[in-house]
Amino acid sequence: MSRVCEFTGKRPMAGNNVSHAHNKTRRIFRPNLCNVTLMSDALGRSYKFRISAHALRSVDHVGGLDAFLGKAKEQDLSPAALKVKRELARAS
């Protein structure tokens, strides 16, 4: 299972640990991914996603799964999320 957010497309980034003596060693910044089940009000069923904590806060802020997927760019979404977005478009 890859470490990529299904809603925002966030993926691991590389960088450096920098010590007090300014020694640099490579490290990886991984996104904070959570397995969540989100309910779609329009479709009346729940869906499981692996999204970042930041995306989960964004879903709550926008007003739920339906509103978030309606505003999301298709290029950022995973195939599973894109399928749900298209189902929502058909249902509306």
Out of all the residues in region 66-91, which are assigned to a helix (DSSP H, G or I), among the acidic types (Asp, Glu) and over 17 Å from VAL36 (Cα atoms)? GLU87
Based on this model, can you work out whether VAL36 counts as touching a helix residue (DSSP H, G or I) at 6+ places or on another chain (Cβ under 8 Å) and β-branched (Val, Ile, Thr)? yes
Within the group SER46, SER92, which residue is of a type in the set (S, T, N, Q) and either without any contact (Cβ under 8 Å) to a residue 40 or more places away in the chain or within 25 Å of PHE29 (Cβ to Cβ) (or both)? SER46
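Bear in mind that the values in this text are calculations on the coordinates, not laboratory data. Note that the structure is a prediction, hence the values are computed from the model and not measured. Counting neighbours? That spans all protein chains shown, and the Cβs are built from the backbone with ideal geometry, glycine included.
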